[in-house]
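Undergrad: My structure is below; once you've seen it, I'll send some questions.
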Amino acid sequence: MSTNLTATPDDPGLHVAKPSRYAPATGSYVCGGCDARATAHGDADAWALVQDYTHFHGPAHREEGQR
């Protein structure tokens, strides 16, 4: 069974993958609050992507008064 976990405007969110400890991480997000999109390649970039999404998109848009 194959599942596509890539975020889309119809199904926004954050997806990060690291297939093995030796492979670089990759990630992407689509924000449901403002439709911002970003991708990352490499462990450090994927970590920065998670921080950006967490602080400025996705969860931040669910908190009242933030946008």
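The values are calculated or read from the model by the stated rules, or taken from the named source; none is laboratory data. None of the values given here were measured: they were computed from a predicted structure. Methodologically, a virtual Cβ is constructed for each residue, glycine included, from the backbone with ideal geometry; neighbour enumeration extends over all protein chains shown. What goes into the accessible areas is simple: the full protein's heavy atoms, side chains included, and nothing from ligands, DNA or RNA. Shrake-Rupley method; radii C 1.70, N 1.55, O 1.52, S 1.80 Å.
Undergrad: If you check every pair at least six apart or on different chains, which have Cβ atoms under 9 Å apart with a residue in segment 46-59 that is touching a residue at least 12 places away in the same chain (Cβ under 8 Å) first and a residue that is open to solvent by 50 Å² or more (accessible area, probe 1.4 Å) and small (Gly, Ala, Ser) second?
TA: Every condition considered, the pairs that remain are 57/32; 58/32.
Undergrad: For segment 8-36, name all the residues that are surrounded by 13 or more Cβ atoms within 10 Å (Cβ to Cβ), without any contact (Cβ under 8 Å) to a residue 24 or more places away in the chain and either polar (S, T, N, Q) or within 12 Å of residue 57 (Cβ to Cβ) (or both).
TA: Scanning segment 8-36 gives 26, 28, 30, 36.
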